[in-house]
Structure formats: C-alpha cells, structure tokens
Amino acid sequence: MFRLLLPMLLLASLSSAKFLNVEDTPIQVVGRVTKMTDGNGHSGFAYDHPGTRFVVTVKGTTFLNATMERVGSVGNNYIVFVNGKMVPGPANTTFCTDTMPVNTSFSVQLASGLDASTEYTIELFKSSEAQFNGRQVIPNYETLWGFEGDSQIQMSSPPALPSRRLAFLGDSITAGYCNLCTGSGVHQEAFHSSWANQICDLLDAQCHTVAWSGFGMVRNCCGGSTLASDVWWRTLATVPSPDKNDPHGTTSANLWNFSSFIPDGIVINLGTNDHLPEGDSDPVVAEFNATYLGLIRNTSAFYKAAGGKVPTYFLACGPMSSQYCNEIMYVMQTLAPEIKAVFLDQRPFLDGKYGPACCGHPSAMVDTAMALNGSAFIKETLGW
C-alpha cells in the first residue's frame, strides 16, 4: 500500500536516488509540448496548456519525484494520480508551483511509501490554464526534465492511450475559471473538474485543450491584444509574438504541428468575451465571422495536408452569454458544403437548475452537467 503524502520541494536529491531523463523514459504525453535542452544536453518537455499530462509506469522504488523547471511568475496547479487514485493536497490539487523557485530546476515528490515489488502507473496532470488571469502574454511555461526514484527503479511502457481524440478551444468557461467557488487566484480554478476534461474522461478520449480566461475570437473582455484565435496556432501559449507591433503572431519554432495530433472532433466555445453588438451589419460581427471561418478552414487544411481526415467541429454557445449564437449559426451554415460543423447548445446551464454559478462562471457541479450533456451529443454525432 502506498502512502498519499503531500508533495514537498526537494532541493537536494537523496544520495541513493537515481535520475531518469524524460528522453530515457517510456512516457505517455498528452497535450501540446515542445522539447527543450539544458546545459548538459538533457532533453525536457516544456508545456503550459491546461490538461497536459504525463504518465509513467514504475517499479523497484519506494518513491517517485519529478524534476521540473518553472519560467514565469504565475504558478500552476497539478494533480497526481497513483494507479488512478488522486494524491490529495490543498484546493482540489496535489501541489502548486507558485512557491517553487523560478528559472532553476526543482524536485517535487509525486508519490511516497510505494512497495518496491509492486508496479504503479503514475500520472502528472496540469490542472490550471497557461497564465492564470493574465492579459499581457509573457513566458509562463514549465518543463519536465525527468524523474527520480530509488537506485533500483525500473520504468516500463505505460498503458496505451485511448484511440479517440478530441481538441478544445475556449476561454474561462473551458478553462474551469472559478469553478471551485472558493480560494483565490489560481487556487480557485480546477481544469480537471471542467466540463471539457470531464467530457474526455466520460468518452475515454485523449484530448488537447487551448483555453485562456478573458480571451476571445476577435476581442478580449478585459484587456490584452493577443486573442484565443492567436493562441490556437501556438505550441506554448505564453511564448509571445517576436514582433511587439504584432501581438497576434508567434515564433516559427513555436508554431503547433497540427499533423502530430489529428482529432476526431474539435469543440470551440469562443464569443462570450467578444461582447458582440446587435446587428449583422456591425464590422465587429463581420470580423468575428471571418476570423471564425478562417480558423476552421485553415485548421482543416493542415489536417488535409498531413493526410488526415477533417474533424467534426462542435461549435458551442453559452452558458454565460447567448449573444454570439446567431454568429455561430452563420458559421455553421457557411461551412456546411465543405466541413461538418454542428451546434453544441450550452445556454441552459446557468439557469440555477444544474448548480450554482461562481464569479458568474459554471461551478464544478455545473461543469458536470455540461459534460454529461456534451459527451452524449459528441458520442452520438461521432458514432462512438
């Protein structure tokens, strides 16, 4: 039986510990990541999107630590699972990196009290968005360099990933902003409890999520010039444009390789933060429609070029606003001859029947209702 202990910062490795770099480790990676190299030639996975997860299977050790590095001032929440059971910690997380040192490696205990003769599957799950409540994009990613265990630690291939694949693009509604209804700062957000992640669990799908609170398709609610429609093209959301006069771009090295993950379906919920005016003749509405259509068409072109199939698009509206639903309908109708896009209705879920709102956003209880509804609709539409 393993002990579920709160993780601790380990600034010095135990003399009996063995370090395994990620490039020498059988590891399952889900989410957008990019490889980094340290001064010693070791490789690591850098990442910042919510829902990024790393899964390993270990034996021959009584503990497992993760060696990580943090860039940026905003900490991130993590949940650790040992054989599917959550390692408990504060605020529905196992640990948060907000107290960890910046720009230097540190070690975090993931599990302790393991039976060295028993095999364990251990998952590290990022449960917060790229740069919580940030408006000006600054580097805020973290890197997983490897793992530490006893000198006799062995790693074998973890369980195969699900064959079903989904991708999500959204704002605070998708990120799980304030869904814990308690705490402050990043501690009030649990992406693991978000409707998007719950859909992935319900459908047994591996998922990639791009979600940033306050961002919109063509306008943000509360400042900042970079948009969610810009972040969609990035591997690391928080690596800004190299051109200060163009907040919408990114570096060539940071462009996401769409051929590396071709989903069966893509769920988009953007429009709440755009605060679209009434009337189709308004130039903002025209910009919203054109940007939405361009994002879907360009994304589909990448998948076609990679020899993959074009996914089904689930275009959501609600539950915080229904002001952009007409525009969603227009986008669907315009795409109809070439790309399959269907309407995911999320409007009813903040009417009080499904649970409380928190900071005006869906609570985890509401997220569950949205996930039950959404997963059933996605399953039926995709024939799963």
query = So between S156 and A336, what do we pick up on full extension, going 0.36 nm a residue minus the alpha carbon distance?
reply = 60.2 nm
note = In Å, the C-alpha Rg and Dmax of the range 127-278 are 17.1, 66
query = For the chain, what is the charge dipole size about the Cα centre, in debye to the nearest 20, if Lys and Arg each add +1 at the Cβ and Asp and Glu each add -1 at the Cβ?
reply = 500
remark   = The longest stretch of the chain containing none of the GluC sites (Glu not before Pro) that sit in a DSSP loop with at most 15 other Cβ atoms within 10 Å is 120-277
ask   = Which of (i) -0.22, -0.40, -0.76; (ii) -0.30, -0.52, -0.90; (iii) -0.36, -0.60, -0.99 is the computed log10 I(q)/I(0) by the Debye sum over Cα atoms at q = 0.06, 0.08, 0.11 Å⁻¹ for the structure on display?
value = (i)
ask   = Which value at 222 nm does the chain reach when only helices count, each DSSP H run of 4 or more adding -39,500 (n - 2.57), with the total divided by all residues and rounded to the nearest 500 deg cm²/dmol?
value = -5500 deg cm²/dmol
ask   = How far, in nm, would the chain grow between N326 and R135 when pulled straight, counting 0.36 nm per residue and subtracting the alpha carbon separation?
value = 66.0 nm
key: Difference of contour (0.36 nm per residue) and Cα-Cα distance, K304 to S163   = 48.8 nm
key: Rounded tilt (10° steps) of 283-305 against the dominant C-alpha axis of the chain   = 50
task = Roll a 1.4 angstrom probe over the protein heavy atoms and tell me the percent of accessible area of the range 87-179 that is carbon or sulfur.
result = 46
request  = Could you provide, to the nearest whole Å², the per residue accessible area of the chain with probe 1.4 Å?
outcome  = 39
inquiry  = Can you compute log10 of I(q)/I(0) for the range 194-308 with the Debye formula, treating each Cα as one identical point scatterer, at q = 0.10, 0.16, 0.21 Å⁻¹?
reply    = -0.34, -0.87, -1.34
request  = Calculate the tail of P(r) for the range 255-343: the fraction of all Cα-Cα distances greater than 17 Å, expressed in %.
outcome  = 49
ask   = How long are the semi-axes of the ellipsoid equivalent to the range 293-384, from square roots of 5 times the Cα gyration tensor eigenvalues, in whole Å, largest first?
value = 28, 15, 11
query = Against the longest principal axis of the chain, how steep is helix 364-382, in degrees 0 to 90 to the nearest 10, with axes from Cα atoms?
reply = 70
request  = Which order do the peptides 193-203, 265-275 take when ranked by the mean count of other beta-carbon atoms within 10 Å per residue, highest first?
outcome  = 265-275, 193-203
key: Scattering profile of the range 298-348 at q = 0.15, 0.18, 0.20 Å⁻¹ [log10 I(q)/I(0), Debye over alpha-carbon scatterers]   = -0.47, -0.62, -0.71
request  = Arrange the peptides 353-363, 301-311, 205-215, 228-238 so that the one whose residues have, on average, the most other Cβ atoms within 10 Å appears first.
outcome  = 205-215, 228-238, 353-363, 301-311
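The values are calculated or read from the model by the stated rules, or taken from the named source; none is laboratory data. As the structure is a computational prediction, the values presented were derived from the model and not from experiment. Here the Cβ is made from the backbone with ideal geometry for all residues, glycine too, and neighbour counts use every protein chain on show. To get the accessible areas, we keep the full protein, side chains included, count just its heavy atoms, and leave off ligands, DNA and RNA. Shrake-Rupley method; radii C 1.70, N 1.55, O 1.52, S 1.80 Å.
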